[in-house]
Amino acid sequence: DYFAACETVEGGYTVGWKIVDGVFAAQAAASSISLLTSKTGATNPAEDWADYAIDADVCLGYGDSAAGFIAHADGDNYYELRLAPTGVSLYQIAGETETELQSRKMELTPDNWYFTKLEVDGDGSILRAYIDSVIVLEVELSSGAYTKGTMGLKVDGQAQFDNLAVYPVELSDS
C-alpha cells in the first residue's frame, strides 16, 4: 500500500488527519500543508504502521522553528525526526521524557525546501534519516523499541510540508 497524504489535503481538505494541537491548514492552491503556532502536531489514524518511510519537502519558518516527522507513535511514545536551523536530530519520546538518539550539525536555511525522509523498521531496530536524499542520521536501537504505530508531522514554530508520502520499505543495514 502507498499512502500519499497530498491526496488527502488536495483542495484544502484534511480528511483522515487528527489535529493533536495548534493550527493545521491545507493550502488549496499549492496542495501543501502548513503547520502554524507552537507545538503543533497532526497524525494519520492508521495504528499498525511498521516497516515504512515517510517523506516530504519541508520548509522551516523563520526564527527558531523546528519541524519534522513522528513515527511509531502510540499515545505519548514515539520517535521524532526534528529539523532546525542548526541541524537535524532523532529523538525517542516516552511520555514527558525526551531522549536524543543522534544529531548532526548542519545549516538548514529558513524559507528553503529540503527533501526529508525518515525510514523506520518494524522490529524497531533501525531509524534512518535523509536530507536531500543523503543519509544524515542512522540509529540502531536496542530492545524495547517502539515497533509500530501512527505517523505524523510535528512543528514547533512554523513550517510547511509538500509532496508528503508514506510507503512500505524493507530496511537492511546500510
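Tabulated results
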{"item": "Those residues of segment 45-77 which are under 19 Å from Ala145 (Cα atoms), open to solvent by less than 30 Å² (accessible area, probe 1.4 Å) and in contact with a Lys or Arg (Cβ under 9 Å, 6 or more places away or on another chain), in sequence order", "result": "Ala53, Ile54, Phe69, Ile70, His72"}
{"item": "Segment 110-128, residues that are under 14 Å from Arg82 (Cα atoms) and out of contact with any Gly (no Cβ under 9 Å at 6 or more places or on another chain)", "result": "Tyr114, Phe115, Lys117, Glu119, Leu127, Arg128"}
{"item": "Residue satisfying condition, being open to solvent by 20 Å² or more (accessible area, probe 1.4 Å) and more than 19 Å from Ser65 (Cα to Cα), within set Val134, Val139", "result": "Val134"}
{"item": "Residue that is farthest from the chain's Cα centre (by Cα), among those in segment 142-170 that are aliphatic (A, V, I, L, M) and open to solvent by 10 Å² or more (accessible area, probe 1.4 Å)", "result": "Ala145"}
{"item": "Residue in segment 122-131 that is most open to solvent (accessible area, probe 1.4 Å), counting only those that are modelled with pLDDT of 80 or more and not aliphatic (A, V, I, L, M)", "result": "Tyr130"}
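The values are calculated or read from the model by the stated rules, or taken from the named source; none is laboratory data. What you are looking at is a predicted structure, and each value in this text was computed from that prediction instead of being measured. Reconstructed Cβ throughout: ideal geometry from the backbone, glycine too, with neighbour counts over all protein chains shown. Remember, those area values only see protein heavy atoms, side chains included, never the ligands or the DNA or RNA. Shrake-Rupley method; radii C 1.70, N 1.55, O 1.52, S 1.80 Å.
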